[in-house]
Every structure is written in structure tokens, then in C-alpha cells.
1. Round to a whole number: what % of the accessible area of the chain belongs to carbon and sulfur, probe 1.4 Å?
2. At 15 angstrom or more along the helix axis (alpha-carbon based) and mean Kyte-Doolittle of -1.0 or higher, what helices does the chain contain? Whole DSSP H runs only.
3. Counting only protein chains, not ligands or nucleic acids, how are 27, 78 ordered by accessible area (probe 1.4 Å), most first?
4. Can you give the calculated 222 nm mean residue ellipticity of the chain, where each DSSP H run of n ≥ 4 adds -39,500 (n - 2.57) and the sum is split over every residue, rounded to the nearest 500 deg cm²/dmol?
5. Would you mind working out the accessible area per residue for the chain, using a 1.4 Å probe, and quoting it in Å²?
Amino acid sequence: MDHGAAHDITRALSRAGDLRVAPVLIEHLRYRRPGRFAVAEVLGNLRVAEATGPLIDVLRESDGYQSLRVVEALGKLEALARAPCWR
């Protein structure tokens, strides 16, 4: 999947606002699959509190600018205090 497609999918899922996608997206975070940073963005946009733990796990395993999307998602969930520091 290219970054343009991931961006389009992220926007579509966020706009739809359908929380029924949350369990599938959370499961996607549990594996190191492509697109997990886009998934983090969607979960933050949908304000899915149940994603906090898996998002923190992704943040612990990540580095670089992509992890900022996870931090933004945690901010939308008001869970930044639970996020580990990253370098």
C-alpha cells in the first residue's frame, strides 16, 4: 500500500465515524503490519479509548517521525500521561 492510499483510507474511516471498525483496527495494531501508523491516526480521530494500551505498545516499538502520529492519537484520547518517553 502506498502512502497516498493509506492517507485516503485514513480520511475515509475517520469521516465515516463508524466505531464498529475499532476492534479490527486495534487488532491490526497488535502486529507490526504496514499501515499501523495510519490506523493509529484513525483510532485517535474516532476517540477509541480501548486503543490506548495497543497505541502505547506501538509507541514503545517505534522511532522516527511516524511515531508522532501515535502521540497525536494518544493526545486525542487524553492519554499522553501514560505514554513512555521516546528518543
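The values are calculated or read from the model by the stated rules, or taken from the named source; none is laboratory data. Remember, it's a predicted structure, so these values are computed and weren't measured experimentally. Each accessible area value is taken on the protein alone, full model and side chains, heavy atoms only, with ligands, DNA and RNA left out. Shrake-Rupley method; radii C 1.70, N 1.55, O 1.52, S 1.80 Å.
1. Roughly 54 percent, rounded to a whole number.
2. Qualifying helices: 3-16.
3. The residues order as 78, 27, largest area first.
4. Value at 222 nm, helices only: -18000 deg cm²/dmol.
5. That works out to 64 Å² per residue.
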